[in-house]
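Accompanying notes for the structure given below.
The values are calculated or read from the model by the stated rules, or taken from the named source; none is laboratory data. Everything quoted here is computed from the prediction, not taken from an experiment. For neighbour counting, all protein chains shown are included, and Cβ atoms are generated from backbone atoms with ideal geometry for every residue, glycine included. Accessible surface is based on the protein model in full, side chains and every heavy atom, while ligands, DNA and RNA are left aside. Shrake-Rupley method; radii C 1.70, N 1.55, O 1.52, S 1.80 Å.
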Amino acid sequence: MRNEHGTEEYEGDPVIPVCRLEDLPEGESVRIATQPPIAVFHADGEVYAIDDTCTHQDASLSEGFLEGCFIECPLHEASFDLRTGAPTCLPARRPVRTHRVTVEDGTVYVHAAADAVTADAGTAHSAAIPREGSAA
């Protein structure tokens with residue numbers, strides 16, 4: 001079913017088509033232009049989605065440094081577990097919100113919290129994430 005923004009809904013939560021899985025290589029991210037923005041990561045063979053803004057200070061986590069299932073904020077090096085959203089070190093103290101992800105017929109979908117969807121839902125921007133020890 002579609003909501004008033006034209007976005008599909010599943011059990012009350014909007015479902016946002018993000019990209020083809022083949023277009024999101026391991027170690028990269030996609031930023032979805034929702035309000036607040038959502039970052040989608042392909043890490044350790046899984047796809048994860050979290051709110052894109054660091055809870056310590058306004059910085060895009062999709063532009064951070066990915067190591068396994070952990071994303072490090074590019075601004076002050078706060079780190080978050082992509083599986084739970086929990087901060088793993090200071091200066092962040094609050095978790096980032098996580099979103100359920102499904103892959104159907106090769107397409108990645110984010111099941112976003114209802115308050116994370118705006119008319120811009122579905123607009124994605126790719127960002128390469130350098131792996132630990134790789135050239136940026």
- Message: I need the peptides 95-108, 38-51 ranked by packing, meaning the mean over residues of other C-beta atoms within 10 angstrom, with the highest value on top.
- Response: 38-51, 95-108
- Item | Where F70, F65 fall by accessible area, highest first, once all protein chains stay in place (1.4 Å) | F65, F70
